[in-house]
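Notes follow once the structure below has been shown.
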Amino acid sequence: MKCDAIVLAAGRGERMRPLTDSCPKPLLQVRGKALMQWQLEALARGGARGVLVNTAWLGEQIPGYFGHQFGGTNQAPTGSPERQTSASVLHLAYSDEGTDFGYALETAGGITRALPALADPFWVLAGDIFAPDFPFPELAVQHFRDSGKLAHIWLVPNPPHNPNGDFALSADGLARNEGVLRHTYSTIGLYRHALFAPPYCDIVAGNPHGTKAALAPILRAAIAHDQVSAQLYTGPWIDVGTPQRLSQLNQSPAT
């Protein structure tokens, strides 16, 4: 079974130290759950069936915590303090970059490594964001298929730590590299395999040589050729990138 989504969970979490010295960032606790559990629950509600997680730093802890099945009567993993029910069961697979290469491959490198196991198109999201209500709608997947674009990304209002934003949004729903009003990339998007092939990416699918590569240059090149659509998401969203943000999130009331 091809996976519907990849959750990016391989980073070292330098800004989150010392918390990440012994715990990978996706397993840090947010309101009584591992941070990545919020993403998995949202994907399950959206109807995903298979999710691939890439790992590197302390990567063995993530499959050790979540196992290979998430959902149904096993909605919460063994290590979680709470259990829920869900109609959807996620089958979890892992791309262990730490074992395979001894280092993380960065975003595009990790995606190309996982590409043979991913459906086309597929969801991409970071394992260290908090977006509990994002719907992962199947209708968005269908619209994206019909559009012919190489990527569709969700933008969010700029948080204090990124006041200048990343991308602008045109009136006809295209992402722009420049613009007066810029928004922050949420790290949530739909992608086609073709984006990770020439002329935008020269890494062979499966990335057998362990090439490190960032996503931003590939995405910006595709945006310059009108190949990336976008929309604004205004639901709860936090980049849980520092101990201070994690503490503030845990102290804020749930909505």
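Antiparallel versus total DSSP beta bridges in the chain: what percent is that, nearest 5?
Numbers: 21 of 42 bridges.
Of the beta bridges lying entirely in the chain, close to 50 percent run antiparallel.
Per-residue ellipticity at 222 nm for the chain, helices alone: DSSP H runs ≥ 4 residues times -39500 (n - 2.57), over residue total, nearest 500 deg cm²/dmol?
On the way: 7 runs with 60 residues, N = 255.
It lands at -6500 deg cm²/dmol.
Which order, highest average first, do 108-119, 24-35, 228-239 follow once you tally other Cβ atoms within 10 Å for each residue and take the mean per peptide? Don't skip to the answer; put the middle values down first.
Details: 108-119: 23.1, 24-35: 20.6, 228-239: 17.2.
Order by mean packing, descending: 108-119, 24-35, 228-239.
With Rg and the Kirkwood Rh both taken from Cα atoms, where does Rg over Rh land for the chain? Don't skip to the end; give the middle numbers.
Values: Rg = 17.3 Å, Rh = 18.4 Å.
Here the Rg-to-Rh quotient is 0.94.
Can you list the aspartates and glutamates whose alpha carbon sits under 20 Å from that of K149, skipping same-chain ones fewer than 8 residues off?
Here the aspartates and glutamates satisfying the reach criterion relative to K149 are D4, D120, E138, D166, D172, E178, D202, D226.
Can you sort H143, H152 by how many other beta carbons sit within 10 Å, fewest first? Display every interim value, and only then the final one.
On the way: H143 14, H152 22.
By the 10 Å Cβ count, ascending, the order reads H143, H152.
Would you mind getting me the FRET efficiency between K212 and S22? Use the beta-carbon distance for r and R0 = 30 Å, nearest 0.05.
The formula returns an efficiency of 0.75 here.
State the antiparallel share, in %, of DSSP beta bridges confined to region 149-255, rounding to the nearest 5. It would help to have the intermediate numbers written out before the result.
On the way: 10 of 15 bridges.
If I count the DSSP bridges inside region 149-255, around 65 percent turn out antiparallel.
Starting from the Cα of K25, draw a straight line to each of the lysines and keep only those under 28 Å, dropping any in the same chain fewer than 8 residues away.
Qualifying lysines at Cα under 28 Å: K2, K33, K212.
List the relative contact order of region 3-251 as a percent without decimals, with contacts defined as Cα pairs under 8 Å and 6+ residues apart. Present the calculation step by step, with values, prior to reporting the outcome.
Values: 529 pairs, mean separation 58.3, N = 249.
Relative contact order here is 23 percent.
Just so you know, all these numbers are worked out from the coordinates, no wet-lab data involved. Remember, predicted model here, so these are calculated numbers, not experimental data. Cβ sites come from the backbone with ideal geometry, for glycine too, and all protein chains shown count toward neighbours.
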